[in-house]
Amino acid sequence: MITFDGVTKRYPDGTVAVDNLRLEVPTGEITVLVGPSGCGKTTSLRMINRMIDATEGRILLDGVDVKTIDPPTLRRGIGYVIQQAGLFPHRKIVDNVATVPYLLGWDRRKARGRAMELLERVGLDPGMAGRYPFQLSGGQQQRVGVARALAADPPVLLMDEPFSAVDPVVRASLQEELLRLQAELNKTIVFVTHDIDEAVKLGDRVAVLRVGGHLAQLADPPTLLARPADDFVAEFLGRDRGIRRLSFVSDEGLRLRADLTVPVSTDVSALRGTAEPWLAVVDADDRPLGWVAVGDLPESGTLAGIRLAPYGSFVSGRDSLRGALDATLLSPSGGAIAVDDSGRVRGVATREALDEALDRVAGGARA
Ligand code: ADP
């Protein structure tokens with residue numbers, strides 16, 4: 001555990017970057033520091049590995065004041081990843097990753113072996129090992145940065161906007177990769193970002209800071225989104241906080257209708273007089289094919305020859321309410337098709353059923 005015990009950082013010019021910060025970073029979890037530019041995130045992070053020393057207060061690493069540990073020893077147990085990866089341009093990828101093991105005096109073969117293993121772990125082709133950083137894309141370089149930070153297997157990882165300089169698609173895959181790695185490695189991670197979406201995606205706990213290095217709120221993402229501590233936090237979370245929050249609400253209790261699906265082999269004559277404007281058409285395996293507008297049906301034949309409207313689906317019991325809501329956006333009927341893990345249709349969540357579920361969530365937030 002990392003403890004900020006009333007930590008203040010005053011720079012020589014008088015700027016108070018961090019003011020009496022009290023914060024606990026639990027072992028084996030991802031704690032995200034998020035807030036607007038200049039709120040003291042980087043300063044807070046760098047005080048942990050003593051790249052910056054606190055002016056007042058103490059930072060404890062498993063109960064030991066970091067000021068009593070000499071910086072090289074301290075940093076051996078703390079991996080550090082920064083925005084532009086910070087790779088050595090004239091060293092091959094494998095040697096970049098092996099930097100710390102070399103410093104620790106490992107023999108070359110063992111260090112390189114470890115580096116190769118890590119490259120694979122972070123999702124890089126071992127064929128990249130012999131290249132130089134400039135021969136890699138931004139996203140690949142970030143992966144190398146993560147591999148390098150993990151090389152000596154430090155229990156703590158500090159990450160300062162590590163994914164901010166890559167495009168959104170690569171960024172999303174790096175975030176997924178980090179979560180996957182963390183599920184295996186259980187590091188104590190302090191992750192700095194200015195991006196609230198990234199914060200709620202990655203954080204077990206999210207610390208929202210405001211300028212001056214004040215802790216505005218510390219909470220797990222669902223709590224943060226449901227109950228922002230004050231107007232500053234609410235504003236920082238943004239207008240679509242309600243939508244984001246739905247990612248954490250299970251679709252349990254969402255009413256599904258089984259009577260709105262029809263097999264594609266159905267003869268249209270059987271559907272005449274149906275009161276529902278839209279029906280979800282499924283194949284012989286119960287997999288969704290699309291929506292049919294009952295009012296536009298031809299005189300005869302089966303549904304097989306009819307052009308269907310696009311549909312959105314979500315995995316019932318696994319996706320969140322947000323997944324269900326997103327699925328409705330694609331459907332002309334306003335309903336979302338619920339499927340099971342193997343893709344078979346379980347029913348339709350109508351717009352009304354979703355509204356009911358959303359009302360319950362809103363009621364919960366007011367309670
Ligand atoms: P963030 O990471 O949240 O953007 P920083 O920790 O980098 O914030 O900076 C916090 C505040 O401290 C800002 O006002 C910044 O200008 C100031 N600051 C950062 N480094 C220095 C420094 N070396 N000297 C003086 N002021 C600094």
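Suppose we keep only residues that are touching a Leu at 6+ places or on another chain (Cβ under 7 Å) and away from the ligand (no atom under 16 Å from the Cβ) within region 77-92. Which one would you say is modelled with the lowest pLDDT? The residue in question is G79.
As for region 13-30, it holds no residue that is within 29 Å of F134 (Cα to Cα) and more than 27 Å from the chain's Cα centre (by Cα).
The set of residues in region 247-278 that are under 35 Å from the mean Cα position of the chain (by Cα) and among the hydrophobic types (A, V, I, L, M, F, W, C) comprises F248, V249, L254, L256, A258, L260.
Answer with yes or no whether D62 is charged (D, E, K, R), assigned by TED's automatic domain parsing to the domain that holds E120 and within 22 Å of R112 (Cβ to Cβ).
Details: charged (D, E, K, R): yes; assigned by TED's automatic domain parsing to the domain that holds E120: yes; within 22 Å of R112 (Cβ to Cβ): no.
For D62, the condition - charged (D, E, K, R), assigned by TED's automatic domain parsing to the domain that holds E120 and within 22 Å of R112 (Cβ to Cβ) - is not met.
Among the residues of region 249-263, the ones that are in contact (Cβ under 8 Å) with a residue 60 or more places away in the chain and part of a loop (DSSP other than H, G, I, E, B) come to 9 in all. Restricting attention to region 25-60, the residues being aliphatic (A, V, I, L, M), surrounded by 18 or more Cβ atoms within 10 Å (Cβ to Cβ) and within 12 Å of the ligand (Cβ to nearest atom) number 4. Would region 5-24 turn up any residue that is touching a helix residue (DSSP H, G or I) at 6+ places or on another chain (Cβ under 8 Å), open to solvent by 20 Å² or more (accessible area, probe 1.4 Å), more than 12 Å from the ligand (Cβ to nearest atom) and assigned by TED's automatic domain parsing to the domain that holds R148? Checked region 5-24: no residue is touching a helix residue (DSSP H, G or I) at 6+ places or on another chain (Cβ under 8 Å), open to solvent by 20 Å² or more (accessible area, probe 1.4 Å), more than 12 Å from the ligand (Cβ to nearest atom) and assigned by TED's automatic domain parsing to the domain that holds R148.
Only one entry of L271, L297 meets the criterion of being buried (at least 16 other Cβ atoms within 10 Å of the Cβ) and either among the basic types (K, R) or in contact (Cβ under 8 Å) with a residue 24 or more places away in the chain (or both), and that entry is L297.
Out of D296, D267, D286, one residue alone is over 30 Å from K201 (Cα atoms) and in contact with a Lys or Arg (Cβ under 7 Å, 6 or more places away or on another chain). It is D286. Taking region 17-43 as the range and being among the small types (G, A, S) and part of a strand (DSSP E or B) as the test, only A17 passes.
Looking only at region 197-208, filter to residues that are in contact with a strand residue (DSSP E or B) (Cβ under 6 Å, 6 or more places away or on another chain) and buried (at least 21 other Cβ atoms within 10 Å of the Cβ); which one of those is farthest from N20 (Cα to Cα)?
Initially, region 197-208 is screened for residues in contact with a strand residue (DSSP E or B) (Cβ under 6 Å, 6 or more places away or on another chain), giving 199, 202-208.
Now drop any that are not buried (at least 21 other Cβ atoms within 10 Å of the Cβ), which leaves 199, 202-203, 206-208.
Details: A199: 23, L202: 26, G203: 23, V206: 18, A207: 14, V208: 15 Å.
Going through the qualifying residues, I end up with L202.
Candidates are the residues of region 168-181 that are touching a residue at least 24 places away in the same chain (Cβ under 8 Å) and more than 12 Å from the chain's Cα centre (by Cα); the one that is surrounded by the most Cβ atoms within 10 Å (Cβ to Cβ) is L181.
Within this structure, A258 fails the test of being closer than 30 Å to T8 by Cβ, among the small types (G, A, S) and out of contact with any helix residue (DSSP H, G or I) (no Cβ under 6 Å at 6 or more places or on another chain).
Evaluation of P133 against the conditions (1) at pLDDT 90 or above; (2) open to solvent by 20 Å² or more (accessible area, probe 1.4 Å); (3) touching a Phe, Trp or Tyr at 6+ places or on another chain (Cβ under 9 Å) shows that the sole unmet condition is (2). Among residues of region 209-235 being farther than 21 Å from V249 by Cβ and either crowded, with 21+ Cβ neighbours inside 10 Å or outside the structural domain of C39 (by TED's automatic domain parsing) (or both), the one that is farthest from the ligand (Cβ to nearest atom) is L215. Would you confirm, using the coordinates I've provided, whether V100 is β-branched (V, I, T), at pLDDT below 90 and open to solvent by 10 Å² or more (accessible area, probe 1.4 Å)? For V100, the condition - β-branched (V, I, T), at pLDDT below 90 and open to solvent by 10 Å² or more (accessible area, probe 1.4 Å) - is met.
Among the residues making up region 224-248, those that are touching a strand residue (DSSP E or B) at 6+ places or on another chain (Cβ under 8 Å) and not in a helix (DSSP H, G or I) are R227, P228, A229, D230, S247, F248. Within region 311-328, residues that are closer than 8 Å to D251 by Cα sit with their Cβ atoms under 6 Å from residues that are open to solvent by 30 Å² or more (accessible area, probe 1.4 Å), at 6+ positions apart or across chains, in these pairs: S316/R346; S320/S247; S320/V249; L321/V249. With respect to the conditions (1) within 16 Å of the ligand (Cβ to nearest atom); (2) in contact with a Lys or Arg (Cβ under 9 Å, 6 or more places away or on another chain), L74 falls short on a single one, namely (1).
The values are calculated or read from the model by the stated rules, or taken from the named source; none is laboratory data. Please read these numbers as outputs of a predicted model, since none were measured by experiment. Positions of Cβ are backbone-derived with ideal geometry, glycine not excepted, and every protein chain shown enters the neighbour counts. To get the accessible areas, we keep the full protein, side chains included, count just its heavy atoms, and leave off ligands, DNA and RNA. Shrake-Rupley method; radii C 1.70, N 1.55, O 1.52, S 1.80 Å.
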